[in-house]
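The values are calculated or read from the model by the stated rules, or taken from the named source; none is laboratory data. Not measured: the values here are computed from a predicted model. Counting neighbours? That spans all protein chains shown, and the Cβs are built from the backbone with ideal geometry, glycine included.
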Amino acid sequence: MQLCYGLDIGGTKIELVACDETLAVCHRRRVDTPTQDYAAFVQAVAALVEAVDVELGIAAHAIGIGLPGVVDRASGCQLSANVPALTGQRVGHDLQQRLQRPLHIGNDLQCFALSEAHGGAAEGYPSMFGVILGTGAGGGYCVEGRLISGANGIAGEWGHWTVPATLLAKHSLPIFDCACGLRGCVERYVSGSGLAFLHRHLGGEVSDAATVIALAQRGDDVASRALVIHRDLLGHALASVVMALDPHVIVLGGGLSKCEALYRELPAAIAPYLFRGVRVPPLLPPKFGDAGGARGAALLARQRSLYRLHSREGGDTAP
Ligand SMILES: [Zn+2]
């Protein structure tokens, strides 16, 4: 039996799943994430992998890891807000040295998309775009079940496109700074925390998206206005995704994917920003959601081992 391990590195937990040749999850284990001490982080990952090797009585032939944040391809250094210990470190390189077996690195958002493309909500569609709307906004793009990570590994990072000046003027919004170093990023307005931020900008006082949505449902004027703006900006951003990539389906993830009204209201918000006659793709809730991250990482390892994509998409393996 050939096993692949997938690891999802979260802000509080590291989850490992083992998948067999049929991509079925046959083992699962979680440990706490050391977020501040890098040496402890590397040790925790190595100990987790070795513990599962012993439990299963066989070593996985390849390992996929979904890391939070992005990798600077030139230096191989990680930039991560969720796990500060990783920032500035060559995480892929160091884990490769420690684990001594094929290692395939993706980001957590891409792993979410890949998991939904395989046996998830997007199963059977020729292409899919996974849209994460949580603390941040990002995603991943899969074609024929394969993750397209791109030359820099950032394909799917739609959350850091700039909101057009015309839309900011339409809603009398300022240009918000973004933690990524750019300004006016879509993420600052349309993620879950972006919705709460919009609400506060309009004079509201709550700090989380779920409360803003609940207030709007009870007829609160400020919350309702925040939602109208949010829907328009999100509609424009997803229309841009459709115009650029034309996915056959969009699967939502992250905290806002639990908001049922989004699935009803977003198609009408997207349509005005598309060419006339272009169909809005189906918008679906996730099957695995955040829990699919580790499974997606295992799929990444399986696919890249199978097709040796790392040789064509340089940098997808550990640098
Ligand atoms: Zn940004």
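Regarding residue 190, is this residue outside the structural domain of residue 78 (by TED's automatic domain parsing), in contact with a helix residue (DSSP H, G or I) (Cβ under 7 Å, 6 or more places away or on another chain) and away from the ligand (no atom under 13 Å from the Cβ)?
Details: outside the structural domain of residue 78 (by TED's automatic domain parsing): yes; in contact with a helix residue (DSSP H, G or I) (Cβ under 7 Å, 6 or more places away or on another chain): yes; away from the ligand (no atom under 13 Å from the Cβ): no.
For residue 190, the condition - outside the structural domain of residue 78 (by TED's automatic domain parsing), in contact with a helix residue (DSSP H, G or I) (Cβ under 7 Å, 6 or more places away or on another chain) and away from the ligand (no atom under 13 Å from the Cβ) - is not met.
Tell me whether the range 106-113 contains one or more residues that are touching a Pro at 6+ places or on another chain (Cβ under 8 Å) and in a strand (DSSP E or B). Give the steps one after another, and end with the answer.
Initial filter on the range 106-113 (touching a Pro at 6+ places or on another chain (Cβ under 8 Å)): 107-108, 112.
Among the residues that remain, those that are also in a strand (DSSP E or B) are: 107.
Scanning the range 106-113, I find at least one residue that is touching a Pro at 6+ places or on another chain (Cβ under 8 Å) and in a strand (DSSP E or B), so the answer is yes.
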Point to revise | Condition check for residue 190: in contact (Cβ under 8 Å) with a residue 12 or more places away in the chain, more than 22 Å from residue 233 (Cα to Cα) and among the aliphatic types (A, V, I, L, M) | key: no
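Taking the residues in the range 193-216 that are polar (S, T, N, Q) and away from the ligand (no atom under 16 Å from the Cβ) as candidates, determine which candidate is farthest from residue 258 (Cα to Cα). Write out each step before concluding.
Quick first cut of the range 193-216, residues polar (S, T, N, Q) only: 193, 207, 211.
Those still in the list that are away from the ligand (no atom under 16 Å from the Cβ) too: 207, 211.
Values: 207: 17, 211: 13 Å.
Ranking the candidates gives 207 first.
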Check your understanding: Considering only residues of the range 159-179 that are surrounded by 17 or more Cβ atoms within 10 Å (Cβ to Cβ) and within 11 Å of the ligand (Cβ to nearest atom), which is nearest to the chain's Cα centre (by Cα)?
Key -> 159
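Could you tell me whether any residue of the range 28-43 is crowded, with 16+ Cβ neighbours inside 10 Å and among the hydrophobic types (A, V, I, L, M, F, W, C)?
Yes, that holds for at least one residue.
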Review point. Filtering the range 272-309 down to residues that are of a type in the set (D, E, K, R) and outside any loop (DSSP other than H, G, I, E, B), which residue is surrounded by the fewest Cβ atoms within 10 Å (Cβ to Cβ)?
Key: 290
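If the requirement is being touching a helix residue (DSSP H, G or I) at 6+ places or on another chain (Cβ under 6 Å), in the same structural domain as residue 192 (by TED's automatic domain parsing) and assigned to a helix (DSSP H, G or I), which of these qualifies: 261, 244, 269?
Values: 261 fails: touching a helix residue (DSSP H, G or I) at 6+ places or on another chain (Cβ under 6 Å); 244 fails: touching a helix residue (DSSP H, G or I) at 6+ places or on another chain (Cβ under 6 Å).
The conditions single out 269.
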Review point. Among the residues of the range 108-121, is any outside the structural domain of residue 253 (by TED's automatic domain parsing), acidic (Asp, Glu), away from the ligand (no atom under 15 Å from the Cβ) and more than 30 Å from residue 231 (Cβ to Cβ)?
Key: no
Point to revise | Residues satisfying the stated conditions in the range 51-86, i.e. of a type outside the set (A, V, I, L, M, F, W, C), under 19 Å from residue 37 (Cα atoms) and exposed (fewer than 15 other Cβ atoms within 10 Å of the Cβ) | key: 84
